[in-house]
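Participant: Sharing a structure here in structure tokens format.
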Amino acid sequence: MSPTDTVARPQVDPGTHADPGPEWAAEVRELARRRNAVLLAHNYQLPAIQDVADHVGDSLGLSRIAAASDAETIVFCGVHFMAETAKILAPDKTVLIPDAAAGCSLADSITADQLRAWKAEHPGAVVVSYVNTTAEVKAETDVCCTSSNAVEVVESIPADREVLFLPDQFLGAHVRRVTGRDNVHVWAGECHVHAGINGATLTARAAEDPDAELFVHPECGCATSALYLAGTGAVPADRVKILSTGGMLDAARTSTAGTVLVATEVGMLHQLRRAAPEIDFRAVNERASCPYMKMITPAKLLRALREGRDEVHVAPDLAARARTAVRRMIEIGQPGGAE
Ligand code: 13P
Ligand code: SF4
């Protein structure tokens, strides 16, 4: 059983996801103007939410925008750890999330107590936490990373230092493979959405479409299979790209492929199709929809702006301890990933 199998997960309610129309968008924009609010949306949000936002991007790009913004209020359309990260970086701003219950099965896969126990087993190790973690876990962390800069973050650590990488086992395996380091210990957590995009599905889809490029998020269970396929020559190596959501957009803008198979959460297809309308983007698993991301509905975004809820709070002492690790994350790696 995976560490996240016991977690109760919300169901996506299709009734709340109908196109809300131009009047809704006009009211959202007007309320945001009155509050001096910037609207940030992750690439996995519903298309209507992405289209009304000021910035759409990956978790690293949106963290950078939150840190640099001069708006009074940040409305974070994403999951709770992302809004919490914005509050850690911008403690004097009001940070709102349209539904505070929008969690993350990956962030739930390690607690601060579990991390303290793991650190005690490896004294002197450097703790690298993926940004998909709670503020309590970040406060126990030396440096945070996202899928865009995980490799650069680990490469910035002296080669003779042990590293504790958490919580995602697939991203951890990717980092071990790319850096060639065997002193990176990886926590066995996973995202249930990405773990559901498995190697067998990817292999079958790649075989059906031998000319297609493959864009694979490193959190996917199929990331290893994608590299294996490239290694055996079943798929030419230059057609397999392991990318963060922001990296997928950059790659789409320069790709010459007719078809791209996309192995990540299906919300990503909206930005990819906008970035490169001439390419046929197809989901490797059409059911890979994050129920937490889809809790942010048009109605809840409007409620957030009308009523100022749900406000995100992080205790100042905890935020101060987490801030050093988060700041290191936004300093390492190439800017980008959000527009
Ligand atoms: P990115 O860092 O690529 O935006 O991914 C965030 C996430 O939650 C992946 O599931
Ligand atoms: Fe968390 Fe997975 Fe949803 Fe990303 S897709 S927010 S990692 S549950």
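Participant: State, as an integer percentage, the relative contact order of segment 218-305 based on alpha-carbon contacts under 8 Å between residues 6 or more apart. Don't skip to the end; give the middle numbers.
Facilitator: On the way: 67 pairs, mean separation 19.4, N = 88.
That works out to 22 percent.
Participant: Right, here's the next one. Only four residue types carry charge here, +1 at the Cβ of Lys and Arg and -1 at the Cβ of Asp and Glu. Report the dipole size of segment 171-212 about the Cα centre in Debye, rounded to the nearest 20. Could the numbers behind the result be given before it?
Facilitator: Details: 4 positive and 5 negative charges, 55 e Å.
With Lys and Arg at +1 and Asp and Glu at -1, about 260 debye.
Participant: Another question, if that's okay. Compute the accessible area per residue over the chain, keeping the other protein chains in place, probe 1.4 Å, unit Å².
Facilitator: Values: 13790 Å² over 339 residues.
Per residue, the chain has an accessible area of 41 Å².
Participant: Among Ser255, Ser156, Ser69, which one shows the biggest mean-square fluctuation in a GNM of the chain, springs joining Cα atoms closer than 10 Å?
Facilitator: Ser156
Participant: Relative contact order of segment 140-196: what whole-number percent is it, with Cα pairs under 8 angstrom and at least 6 residues apart? Working shown, then result.
Facilitator: Values: 56 pairs, mean separation 19.4, N = 57.
After rounding, I find 34 percent.
Participant: Can you tell me which of 194-203, 52-61 comes out highest on packing, and rank the rest after it, using the mean Cβ neighbours within 10 Å? Can you show the working numbers first?
Facilitator: Values: 194-203: 19.7, 52-61: 24.1.
Highest to lowest by the protection proxy: 52-61, 194-203.
Participant: In the calculated pair distance distribution of the chain, what percentage of Cα-Cα distances lie above 35 Å?
Facilitator: Values: 10532 of 57291 pairs.
Above the 35 Å cut-off, the chain has 18 percent of its Cα pairs.
Participant: Oh, and also: Rounded to the nearest percent, how much of the accessible area of the chain (1.4 Å probe, protein heavy atoms only) is carbon and sulfur? All intermediate terms of the calculation are to be shown ahead of the outcome.
Facilitator: Details: 6870 of 13790 Å².
In the chain, the share of accessible area belonging to carbon and sulfur is 50 percent.
Participant: I've got another one for you. Taking only C-alpha pairs under 8 Å that are 6+ residues apart, what is the relative contact order of the chain in percent?
Facilitator: On the way: 695 pairs, mean separation 83.8, N = 339.
Here the relative contact order equals 25 percent.
Participant: Along Cα→Cβ, 7 Å out, is where each label goes; now give me the distance between the ones at Asp211 and Glu311 in nm to one decimal.
Facilitator: Using points 7 Å along Cα→Cβ, the separation is 5.7 nm.
Participant: I would also like to ask the following. Need one number: nm distance between label points at Arg303 and Arg282, each 7 Å from Cα along Cα→Cβ, rounded to one decimal.
Facilitator: So the label points at Arg303 and Arg282 sit 3.9 nm apart.
Participant: Oh, and also: Taking the square root of 5 times each eigenvalue of the Cα gyration tensor, what semi-axes in Å does the equivalent ellipsoid of segment 193-318 have, largest first? Each step should come with its number before you reach the end.
Facilitator: Values: eigenvalues 212, 56, 35 Å².
Working from the Cα gyration tensor, I get semi-axes of 33, 17, 13 Å.
Participant: Given only helices, namely DSSP H runs of n ≥ 4 each adding -39500 (n - 2.57), what is the per-residue ellipticity at 222 nm of the chain, to the nearest 500 deg cm²/dmol? Mind dumping the intermediate values first?
Facilitator: Working: 15 runs with 140 residues, N = 339.
Only helices count here, giving -12000 deg cm²/dmol.
Participant: Determine the principal axes of the Cα atoms in segment 174-245, then give the extent along each, sorted from largest to smallest and rounded to whole angstroms.
Facilitator: The principal-axis extents, from largest down, are 36, 26, 21 Å.
The values are calculated or read from the model by the stated rules, or taken from the named source; none is laboratory data. Quick caveat, the model's predicted, so the values are computed rather than measured. Virtual Cβ from ideal backbone geometry, glycine too; neighbours counted across all protein chains shown. Only protein heavy atoms, including side chains, enter the accessible area calculation; ligands, DNA and RNA are left aside. Shrake-Rupley method; radii C 1.70, N 1.55, O 1.52, S 1.80 Å.
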